[in-house]
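All remarks here apply to the structure that follows.
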Amino acid sequence: MFKITTWIFLLFLSFSSLGQVQILKYNFSHINITKGLSHNQVNAIYQDKYGFIWFGTLAGLNRYDGYNFKVFKHNLKDPNSLSDDYISSILEGPNNNLWILTRNGTNLYDPIKEKFIRDLDPIYKQLGLPIEDELIDIRKGIDNSFWFLFKNAGLFLYSEKDKKSKAVSQLLKKDKKIAAIAPLNSGTLWVIYNDGSLLLINNSLKVETQTKLKTELFVSSLDLCVAFSDKEGDLFLYSTSHYTGVYHYKKKISQLEHLHKANKLKLNTNLIRGITEDDNGKIWIATDHGGINIYDKQKEEISYLVNKEYDNRSIIQNSINTVYKDNSGIIWLGSFKKGISYFHPDIIKFNLFTHQPSNPNSLPYDDVNTFAEDDKGNLWIGTNGDGLIYFDREAGKFTSYKHQNLN
């Protein structure tokens, strides 16, 4: 009887549209080493064309099918294994191959043969890319084209139709270094230089937009940054090494806004680790020690998702290394030390109210026997040992009433 009554209580609360229920709408599930993940430090996440989710960790590459993991690691006796177990990035290139950036160089993964290629010089030569340069990023363009960014040689556009790459950097700004790239759905590409110059180019390598951004992203000429473009074509820039927050360039009005701990749009920390956009157009900003900052562009508001002690549906940790949205809309978070959290509104539909010793606004007592709704729509909750609890839905507040011995 207790379990049935409690389940009905949770069901009843979950459909409320007021007060505390709105605050608890992000319910996360979690994965860590106890469920097969090779290491709890997750640095990179990617979904391939077959639907597998890949996790790059401190100790190997993990392929997840939704139920089980297959772990790939360096093997001294196998030249077709990874060159190193420390995975820093997972990128997709031509022919559905994955480019795995490790501490000991870049590996190419062939999903058909399930083997890794360590010597990439023949691959670079075949694709028309610079040999013996450090690969920084790969972004998919249109018509099976790919943008390759290298540390020294700059930007290249690979055409699947022509089976070759074209050097782009010298066609734009020869004397400046490209710090980051970000593609738009239209097939155009944002190109950011380390002097703050911003260009929007198309597949024909024609410049559609050019401007100069005033940022603090680049301390030296060697600095890189990370760029993300949302569905509206807005650009988000951040540095993983400098405490500069996020720069939001609004494409329609050509305006730059700084999301920062000290500004009007306040982040709860300025050290950023990743950015993605959910299906509702909200921007998820992964931070170090600040959890997730959710930026609502329409309302110009920022809310925070942080780990809550005793709440196993909050994010797993406040130090998030990476954030990724897959094709089904699931948001994946890779943490620094505690594995993975993931969220989708259809995975966990019931809000769970429990007693949390560190949270005075939580349910005062977990052992619930019965409840009733009054004419104001609020709940009276009967417990097994802690008296009567009143839940004000609009205020999201619990009040306890206990027996008092007046004698």
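The values are calculated or read from the model by the stated rules, or taken from the named source; none is laboratory data. On a predicted model such as this, the values are computed, not experimentally measured, just so you know. Positions of Cβ are backbone-derived with ideal geometry, glycine not excepted, and every protein chain shown enters the neighbour counts. With ligands, DNA and RNA removed, areas are computed over all heavy atoms of the protein, side chains included. Shrake-Rupley method; radii C 1.70, N 1.55, O 1.52, S 1.80 Å.
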Name the pairs: first residue in region 154-168 and part of a loop (DSSP other than H, G, I, E, B), second residue open to solvent by 30 Å² or more (accessible area, probe 1.4 Å), Cβ to Cβ under 6 Å, at least 6 apart or on different chains?
-> GLU160/ASN144
Return a yes/no flag: does region 224-242 have any residue that is at pLDDT below 90 and closer than 20 Å to PHE156 by Cα.
-> yes
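Which of the residues that make up region 298-321 are assigned to a strand (DSSP E or B) and either among the aliphatic types (A, V, I, L, M) or at positive phi (or both)? Working first, answer last.
Filtering region 298-321 for residues assigned to a strand (DSSP E or B) gives 301-305, 319-321.
Result: ILE302, LEU305, ILE320.
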Is region 351-364 home to any residue that is at pLDDT 70 or above, among the hydrophobic types (A, V, I, L, M, F, W, C) and over 30 Å from LYS325 (Cα atoms)?
-> yes
What number of residues within region 96-122 are at pLDDT below 95, closer than 25 Å to PRO183 by Cα and among the β-branched types (Val, Ile, Thr)?
-> 0
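Could you please give the count of residues in region 208-231 that are among the charged types (D, E, K, R) and either open to solvent by less than 10 Å² (accessible area, probe 1.4 Å) or touching a residue at least 40 places away in the same chain (Cβ under 8 Å) (or both)?
Going residue by residue through region 208-231, those that are among the charged types (D, E, K, R) are 208, 212, 214, 216, 223, 230-231.
So of that shortlist, the ones also either open to solvent by less than 10 Å² (accessible area, probe 1.4 Å) or touching a residue at least 40 places away in the same chain (Cβ under 8 Å) (or both) come out as 214, 223, 230-231.
Selection size over region 208-231: 4.
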For region 241-258, name all the residues that are open to solvent by less than 70 Å² (accessible area, probe 1.4 Å) and farther than 25 Å from ASP326 by Cα.
-> HIS242, THR244, LEU256, GLU257, HIS258
Failed criterion for ILE283 (all others in (1) crowded, with 21+ Cβ neighbours inside 10 Å; (2) over 23 Å from LEU189 (Cα atoms); (3) not basic (Lys, Arg) hold) | (2)
Restricting attention to region 182-194, report how many residues are outside any loop (DSSP other than H, G, I, E, B) and open to solvent by less than 10 Å² (accessible area, probe 1.4 Å).
-> 6
Could you grab me the full set of residues in region 298-313 that are without any contact (Cβ under 8 Å) to a residue 40 or more places away in the chain and either farther than 19 Å from ASN263 by Cα or small (Gly, Ala, Ser) (or both)?
-> SER303, VAL306, ASN307
Check whether at least one residue in region 3-15 is modelled with pLDDT of 95 or more, in a helix (DSSP H, G or I) and out of contact with any His (no Cβ under 6 Å at 6 or more places or on another chain), and report yes or no.
-> no
Considering only region 31-89, state which residues are free of Cβ contacts under 8 Å to residues at least 12 places away in the same chain and touching a strand residue (DSSP E or B) at 6+ places or on another chain (Cβ under 6 Å).
-> ARG63, LYS70
Could you name every one of the strands (runs of 3 or more DSSP E) located completely within region 81-138 that has at least 1 residues being surrounded by fewer than 18 Cβ atoms within 10 Å (Cβ to Cβ)?
-> 87-92, 105-110, 115-117
Some residue of region 242-263 being among the β-branched types (Val, Ile, Thr) and in contact (Cβ under 8 Å) with a residue 24 or more places away in the chain = yes
